[in-house]
Amino acid sequence: MTVKTTVDVRSIPPPQRHPLIFGTFDSLAPGEAFILVNDHDPKPLYYQFKAEMEGQFSWTYLEQGPNVWRVEIGKS
């Protein structure tokens, strides 16, 4: 995967986070990825990706807290 960008949502209001993340994902070409930086484990986001994008994404934890979570999200 080629990492295209980093999206740090820690300062973004919660209602705006998922639209920003999915918009970033939609802009990726197959084989590209972005790094998500968050202040909590984005497990609910993972389940939303799994429900809506099954087989179209990869999810790799790069850092798992306790204060910062970093996840590489790639497009298949």
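The values are calculated or read from the model by the stated rules, or taken from the named source; none is laboratory data. Model, not experiment: these values are computed from the prediction. Note that each Cβ is placed from the backbone with ideal geometry, even for glycine, and that neighbours are counted across all protein chains shown. For the accessible areas, the whole protein counts, side chains as well, though only heavy atoms, and no ligand, DNA or RNA atoms are used. Shrake-Rupley method; radii C 1.70, N 1.55, O 1.52, S 1.80 Å.
Tilt of helix 43-53 relative to the longest C-alpha principal axis of the chain, in degrees (0 to 90, nearest 10)?
Taking the Cα atoms of the chain, the angle to 43-53 is about 20 degrees.
Which of the trypsin sites (Lys or Arg not before Pro) across the stretch 6-76 are loop residues per DSSP, with 13 or fewer other Cβ within 10 Å?
Arg10
Within 10 Å of each candidate Cβ there may be at most 13 other Cβ atoms; applying that plus a DSSP loop requirement, which GluC sites (Glu not before Pro) in the chain survive?
Glu54
How much length, in nm to one decimal, is gained on full extension between Thr5 and Gln48, taken as 0.36 nm per residue of separation minus their Cα-Cα distance?
13.4 nm
Just one of (i) 31, 26, 21; (ii) 35, 25, 22; (iii) 30, 23, 19 is Cα extents along the principal axes in Å as worked out from the coordinates here. Which one is it?
(iii)
Taking K and R as +1 and D and E as -1, what net charge do the other residues with C-beta under 14 Å from the C-beta of Pro42 add up to?
After counting each charged neighbour, the total is 0.
Counting only DSSP beta bridges with both residues in the chain, what percent are antiparallel, rounded to the nearest 5?
On the way: 13 of 19 bridges.
Of all bridge pairs located within the chain, approximately 70 percent are antiparallel.
Could you work out how far helix 14-27 tilts from the main Cα principal axis of the chain, as a 0 to 90 degree angle to the nearest 10?
20 degrees
Carbon and sulfur atoms: what percent of the 1.4 Å accessible area of the chain do they account for?
52 percent
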